[in-house]
Amino acid sequence: MCGFYFDLTYIRSSETYQKNEENPKIFKSRENLNLFNMLKKIKTVVALFAIATMMSSCAMVQSPVMATIYTDVKAPVAVTGNSGSSKVGTATAKSILGILATGDASIQAAAQSAGITKIHHVDAHSSAILGIIASYTVYVYGE
């Protein structure tokens, strides 16, 4: 109980004291009962606050610039000396509330999706809405 241990023997019921056989944490006075109830409420509020803090994580995505309400940014990732870019491969990863994230947004996955063996350049597209849903897409250009 929040670091407190109650070693009390009676609980007040009306004007008389009655022994509580079921609960070893028994109270000698109304003040102790009120203190116990207050600590119970504090414990509940702290637990709810901890749960709310853990559940309020935001879906963030890698981007050259960030915004809290809406993000929709395209940016370069890499360039090679290979010439030609007749094929385009994509790979996407998505996140919901920053709690659940799925997908393979690697350059290798994007190249394999289009059968690219010689990469010319790589771009990325980041999008997020209110920190609820976020996605990161890699575009691989090459032959």
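The values are calculated or read from the model by the stated rules, or taken from the named source; none is laboratory data. Fair warning: this is a prediction, and the values are worked out from it, not measured in the lab. Cβ atoms come from the backbone with ideal geometry, glycine included; neighbour counts cover every protein chain shown.
Just a few scattered comments:
- Qualifying positions in segment 70-100 - surrounded by 15 or more Cβ atoms within 10 Å (Cβ to Cβ), outside any loop (DSSP other than H, G, I, E, B) and under 16 Å from the mean Cα position of the chain (by Cα): ALA93, LYS94, SER95
- Subset of segment 101-135 (residues that are under 25 Å from the mean Cα position of the chain (by Cα) and among the charged types (D, E, K, R)): ASP104
- Answer from ALA134, ALA128, ALA111 - the residue that is modelled with pLDDT of 90 or more, assigned to a helix (DSSP H, G or I) and of a type outside the set (S, T, N, Q): ALA111
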